[in-house]
Structure formats: C-alpha cells, structure tokens
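Below you'll find the structure, written out as structure tokens, and then a few comments.
The values are calculated or read from the model by the stated rules, or taken from the named source; none is laboratory data. As the structure is a prediction and not an experimental result, all values here were calculated from the model. Here the Cβ is made from the backbone with ideal geometry for all residues, glycine too, and neighbour counts use every protein chain on show.
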Amino acid sequence: MIDHLIHMGGYAAYVWPAYGLATVCIVGLYVTTRRTLKAREQEFERLKRERREGP
Amino acid sequence: MGAEGFEQATFSGTGLACRRGGRTVFADLAFNLENGGALVLRGANGSGKTTLLRLMAGLSVPTAGQLAWNGTDAFDDPDAHGARTRFVGHLDGLKPSMTAAENLAFAAQLWGDGTAARVGGALEAFGLGRLAELPVRVLSAGQRHRLALARLMVVPAPLWLLDEPGNALDDDSQRALARVIADHRARGGMIVVAAHGAAPMSDGMTLDVSSFAAAIPPHWSDAA
Amino acid sequence: MSGFGVILARDLKLALRQSGDSLTAIGFFAIATVLFPFGVGPESEILARISGGVLWVTALLASLLSLERVFATDFEDGTLDQLLLSGTPVSLIVLAKVVAHWATTGIPLIIAAPILAPTLHLPASGYGPLLAALALGTPTLSLIGAVGAALVLGARRGGVLLSLLVLPLYVPVLIFGTAAVEAGITDMAVRPPLLVLAGMFVLALTMAPFATAVALRQAAQ
Amino acid sequence: MHKYANPTEFMRIANAVLPWAAGVTVICFMVGLPLALIASPADYQQGEAYRIMYIHVPSAWMGLMVYSIMAGGSAGFLIWRHPIAHLVARASAPLGAIFTALCLVTGMLWGQPMWGTFWVWDARLTSMLMLFFLYLGYLALGEAFEDPERGDKAAAVLALVGTVNLPIIHFSVEWWNTLHQPSIFTMKGMTISADMIWPLFAMVFAFMGYYVCILVLRLRSEILNAKIRNARSARAAQPMSATTTAATQGAP
C-alpha cells in the first residue's frame, strides 16, 4: 500500500511535486503572514509606548 | 477690463476635512465668502493650505463636510464649479514650447470666447507685453509666474484661488497683482490666497488652517 | 469651438512642433519588425506565415511606447489642473488626448505597416485586412492604454508598470487583429474578426474615457 | 457610516470567524487529502496522474473567486466610499496571485504526463495565465506610490477595469484556441466521475477556509500597518514648536 502511494503508478514525478508545491505555498504563506503580523504588532506597541512616554 | 460684474453668489465650506499623504490634515473647517470677499490662508508648512485651496477648486475631494456655491454642493457638478474657478498653484501650467501669447490664447479659447483682445491686456497688466512672442521655455521663473497670474484675467471668473502668489514676484509685479486683485473684487469677484508674508490685499479675512488641526476626528488608522 | 476641439487642436499643434514622438513610434515599429527575419531566418514561407502576428505585436508595442507621455507632461507642468478646471467634462478631455495620441502614433503606424510588410513577405491578400484591422485596432489600443497611462501618473517607474498593466488588456485586440490578417491570407472570411474588432472599439470608446477620467481625478487629488 | 465601516467592528466579526474557518480548513484537509491521494480510484485513462486535479481545480477556482472578491472590495471602496473595503482587496491580492500561480504550475505538471508537454495553450489555462498578469499588475500598481492611499485608489480602479476585461480576454482566448488548436489538447476531455466529487469538494472547501484564515490575519496586519504609517507621519507633521517644547521639558 505504501509503495503504491510512493510510486503513484509511475507518475510520482508529477503528483508529488504538485502536492509538495501546494504545501510549500500554503505553509509558506501562513508563516510569512504570521511573521509580518507579529513584527507589526511589536512595532505598533513600541510606537504606542514611545508616544506615551514622550519623544 | 470689462465692466460686467459677477452675479450675486456666496461660496462657503462647512465641517470640511481632507486627507493628504495618509493623514487627516484639517477637520471641521468652515469659511464663508461673499461677492468682493477676500480670504487669506495662514498656517505653518504642511498645515494644509495647499490642500485646502485644491479642495476649494474641486480638485481634491473632502473626506467630510460640504463645499457650497450659493447653497448647492459644488461637487454635485464639478465641471460647473471648475468653470467658475481660476487656480494658480505652485506649478505654472504653461507649455514651454508654446509662446506666452499662445499659452494665454489657449486659455482664452478653453475657458471662454477666445477673443485675443483680453490676452494683450492681460500681458500688459503684468508687464509681459514685449515677451508675448517668446516661447515660455526661455522665460525666467518669475516671468512664468507672472504669466500664470496674467492668465487669471484672460476670461473673467468669479472665484480666484492663489497659492503663495507673491513668492517669485518683484515689487512692480506685487503692485500689479494687488491692482488686479482689487479690480477683480471691485467687480464682485472672490479671492482666496494662501500666503506666508504680506498678503496681496490688506483687508482680507484671515483663516489659520493649522488651528483646525486640533479638531481632527479619530480616524480608524489613528494609533489610539 | 468646444473644449474637446480646443484641447485636441493644441495637442496636435504641440505634436507637430515636437514631431519626435511619432518618429520614435515609427522608428521602433520598423526596427522591431526588421529584427524578426534575423531571429527567425529570411526564408519567405516562415516569414509569410508569421507576418500578420509580427506586424501586430510590434505595432502594439510601438503604440504602448508613447502612451506614458499622453498625460505625464500635462501632469508634471501643472496643465492638467488647468484642464480639469476648464468646465469641459473630464471624459471629453481624455477623448481629446486619446485622439491626439492616436493621430500621432496610430495613423503613422497604419501608414508604415504596408511599407514594412514586404520585409516579412506578407502575401498580397493580407494587405487589405491588415490596414482595416489596424484602423479599427489602434484606436482601441490608445483608448485602453490611456486608462493605464492615467493610473500610473505619479508612480515610481511608471513606464515599466504601464506595460505590465496594459499588455494583458491588449491580448483580445491582438488576437482578432492577427486573425483578420490570417483570414485574408488563407482566403477565409475577413468580416467576422473585423466586426469583433469594431465591437471592441465601440466598447472601449464608451467605457475607457470614463475609467481614465476617474484615474485622472485621483491623480490630481 | 454603517456599523461595519470602522475596523474595530469589522475585525470583531473577522476574529470571531477565524476559529471556525481554521476548523473547516483543518477538517477538510484531513478528509480531502487521504481521499484525493489514496481512496478515490485511479482514472482509467490517466492512471494516478489525474490526482493533480485535486490541487489544480480548487486553486483555479480560488484564483477566480479571490479576484471577484477584490472587484467587490474595490467597488465598495470607490463607489460606496466604504473606508476599509479596499483593505480586503489589498489583503486578498497576494493570496489570489499565489492560488493562480499554483493552478498554472500544477496544470503544467499535469500536462506533461497527459500530453507530453509542460505547457498546453488550452483556453482555460491561458485565461488563468492572463488572470495571473492582472494580479501582478494590481500588486505592482498598489505599491508604486509614495502616498499609500493613492495606491489603494489606483489599484481599485485597475481591479474594476480588469474585471470588465476578464470575460473579453476569456472569450478571445477561447475563440483563438478553437481556431489554432485541434480539440484533443483541451482539458474538456476529463469526465469527473461521481466518486471524484467528494475529494474535490473537500479540497475546495479546505482552500476556501484557508483563504478566510489568511485573509483575517492579513487584514489585521494591514490595519496595523496603516496605524504605524499614521503614527510616523503624524509625528513628522507636528509643528516645529510642539516638538521643541516637548524636547526642552524632557521626559516626564
């Protein structure tokens, strides 16, 4: 069963890259979105702290 | 200048707010102008004088408030409002490869009946008579600015909006500008001038644009 | 004369004074067309086969080349503000500008196309449809391109950006323009592709000036 | 201004939707992937290669759906003056572009085993290629201006112009395809049998759930970005006097 999954009836060279690319896109986009969100949240907090304490 | 006066009109703004460069520049700004009225806009750099002038001309759209001509919203018919407005900004709006006279003649055709008589008079008023046939690219910055001001007179319009007209002018031109403005107001025209130093008219009402910065309502992008 | 006529007359006068624009458009059209035989080889069968497509692609790029200046010069020297305050509806101002661009670029391309076609061994039966298709297609290219030209006013690297925005919208005109020439060459009916081109022209004529006017008013904010 | 206009209200709903969308995404992927990869039978013609369809079709569908959402957001912003509708469009655009690119690449990976060539000028695949360029134009135009709001408005107009042109492009490409291409190369040859429907549905809903999740995160990010820009430009615009007096008084 597993080797059938791996060989994909001889089309492994096409099916797996397709699913692999989809995974890279989906996970990659989630990670970058998460990272920019966190960076901006920290920047925003810093700006708010700075404004409260005066320049 | 033609003897015809402008018909009765009031030009007013209520609760005006405008954004520039991702920021609200002023809010809840109001003004009222009658025939013959003059308004001088004061305020530090970046306080929104130019933004307000472009808004009054209908070039910018306010984010709040109403700009009214005789009570009707100016933005209901932007073309009509444009036709009754003359705007002289930082850019002169002249074609370098065309001569001074051609530039004014184009304005005369575009805005009115295109009679060449007024072009000559306009050039004379600002001492540009002998430069009429020179292409604008050979004129100095001061001469170009005077040409842009001369264009105000080519076809009469009730509302004049001038953005720091005095900057590049020598004393004679300052006096010529003051005379032209006085005559415009005498015929019932209105004028709004953004100025730093001396305003080209002495009895104009003053409006400090930066004083309207305080009333800026919280925008969703404010840091609060 | 209405605002439309005044603006058009001035732009044509300016174009005559600086006739460089149309010369560069024709020059680019010529050199780009002549490049293909070097790339594809001088054999006449291959060249004849692709002549319609090559002429159309190079004409399309030549028209795109001069599009950026349609509003940019007026935007930079402040004339755009004076036009917007002239009481002439902005769509008419845009139409005047587009007709001026078409006159300085489209017409020279239509004139130059049959002169250049022999270098690609375009069969004799292809000349008529080529001229008809260009006559209907180049105004559509100017109209659609004007939307892009207004959108990129004041943008960084406006020229490159303009081609990225406008070329995908040029594909339908390219497809049916080339199809008209192909039909002429292969003695098929030339009317259908020309009718579709005419349809696209009318659609562009009605919608593009409005979109361009919105973009121009945004640029003048 | 109706109540979804200010972002705190809008984001309150978005944040409420997020966990549900995440749930749907995870479940659909967990159901869809095994079905797609293992359970559903091999296609009698193409063998296992057709399994690429379970990525290709949903991403094509998402590419188109996201563009229509962008058009809706842009229209809401330009025509009805909704102050943050354009943020939905700006936040969705990169997602739509990635889905369209994924559709194109998976189409090529599918084309190779089926027809021996990576790129097939099939009508729908070519239309997706054009859609990808429209996305690139939208993304490039949005970032091309110093004043961010100028970029928003210009990109919104482009999204509407693109929406009007997309059917025309598709019609032209469809006609052009039949003119030049013998029909064997088209994707229409694929008949979707009943047991292929469920994995396809699962994958489509998984993609949609994923889109909603990322959209909510990106919306938060866009709103924060606007606040950061505003705070910086507000400080820059403070009149000279205010900053000097504050400096002389020193920190409280």
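At-a-glance table
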| quantity | calculated |
| --- | --- |
| Residue under evaluation B:Asp79, criteria (1) in a loop (DSSP other than H, G, I, E, B); (2) among the charged types (D, E, K, R); (3) surrounded by fewer than 23 Cβ atoms within 10 Å (Cβ to Cβ), criterion not met | (1) |
| Criterion (closer than 20 Å to D:Leu64 by Cα, in a helix (DSSP H, G or I), hydrophobic (A, V, I, L, M, F, W, C) and in contact with a Gly (Cβ under 8 Å, 6 or more places away or on another chain)) met by exactly one of D:Leu134, D:Leu95 | D:Leu134 |
| Test for C:Val181: is it more than 12 Å from every other protein chain (Cβ to nearest Cβ), buried (at least 24 other Cβ atoms within 10 Å of the Cβ), within 30 Å of C:Ser44 (Cβ to Cβ) and of a type in the set (Val, Ile, Thr) | yes |
| Breaking point among (1) closer than 15 Å to C:Leu67 by Cβ; (2) not in a helix (DSSP H, G or I), for C:Leu161 | (2) |
| Residue within segment A:34-55 that is among the hydroxyl-bearing types (Ser, Thr, Tyr), in a helix (DSSP H, G or I) and touching a Leu at 6+ places or on another chain (Cβ under 8 Å) present | no |
| Residue within segment B:37-55 that is surrounded by fewer than 16 Cβ atoms within 10 Å (Cβ to Cβ), more than 16 Å from the chain's Cα centre (by Cα) and either hydrophobic (A, V, I, L, M, F, W, C) or part of a loop (DSSP other than H, G, I, E, B) (or both) present | yes |
| Residue count for segment B:194-210, restricted to those that are in a loop (DSSP other than H, G, I, E, B) and surrounded by 15 or more Cβ atoms within 10 Å (Cβ to Cβ) | 5 |
| Any chance C:Ala220 is at pLDDT below 95, within 13 Å of chain D (Cβ to nearest Cβ) and surrounded by 17 or more Cβ atoms within 10 Å (Cβ to Cβ) | yes |
| Among (1) without any contact (Cβ under 8 Å) to a residue 24 or more places away in the chain; (2) in contact with a Ser or Thr (Cβ under 6 Å, 6 or more places away or on another chain); (3) not aliphatic (A, V, I, L, M) - the single one B:Asp76 does not satisfy | (2) |
| Segment B:79-112: number of residues that are over 18 Å from B:Leu159 (Cα atoms) and free of Cβ contacts under 8 Å to residues at least 12 places away in the same chain | 4 |
| Subset of segment D:74-126 [in contact with a His (Cβ under 7 Å, 6 or more places away or on another chain) and either touching a residue at least 24 places away in the same chain (Cβ under 8 Å) or closer than 20 Å to D:Pro58 by Cβ (or both)] | D:Ser74, D:Phe77, D:Cys103, D:Thr106, D:Gly107, D:Trp110 |
| Segment B:7-36, subset outside any strand (DSSP E or B) and not hydrophobic (A, V, I, L, M, F, W, C), residue surrounded by the most Cβ atoms within 10 Å (Cβ to Cβ) | B:Gly22 |
| Filtered residue count, segment B:180-224, keeping only those that are within 14 Å of chain D (Cβ to nearest Cβ) and modelled with pLDDT under 80 | 11 |
| Evaluation of D:Phe145 against (1) outside any helix (DSSP H, G or I); (2) farther than 22 Å from D:Leu160 by Cα (one fails), failing number | (2) |
| Test: residue in segment D:175-193 that is touching a helix residue (DSSP H, G or I) at 6+ places or on another chain (Cβ under 9 Å) and modelled with pLDDT of 90 or more | yes |
| Considering residues of segment B:161-179 that are in contact with a Pro (Cβ under 9 Å, 6 or more places away or on another chain), crowded, with 20+ Cβ neighbours inside 10 Å and at pLDDT 90 or above only, the residue farthest from B:Gln143 (Cα to Cα) | B:Leu162 |
| Flag for A:Leu37 being hydrophobic (A, V, I, L, M, F, W, C) and more than 12 Å from the chain's Cα centre (by Cα) | yes |
| Residue satisfying condition, being at pLDDT 90 or above and more than 14 Å from chain A (Cβ to nearest Cβ), within set D:Leu102, D:Leu125, D:Leu109 | D:Leu125 |
| Residue within segment B:184-193 that is buried (at least 22 other Cβ atoms within 10 Å of the Cβ) and part of a loop (DSSP other than H, G, I, E, B) present | yes |
| Boolean, C:Ala198 is assigned to a helix (DSSP H, G or I), more than 21 Å from D:Tyr135 (Cβ to Cβ) and among the aliphatic types (A, V, I, L, M) | yes |
| Set B:Ala100, B:Ala107: member being more than 9 Å from every other protein chain (Cβ to nearest Cβ) and either of a type in the set (A, V, I, L, M, F, W, C) or surrounded by 23 or more Cβ atoms within 10 Å (Cβ to Cβ) (or both) | B:Ala100 |
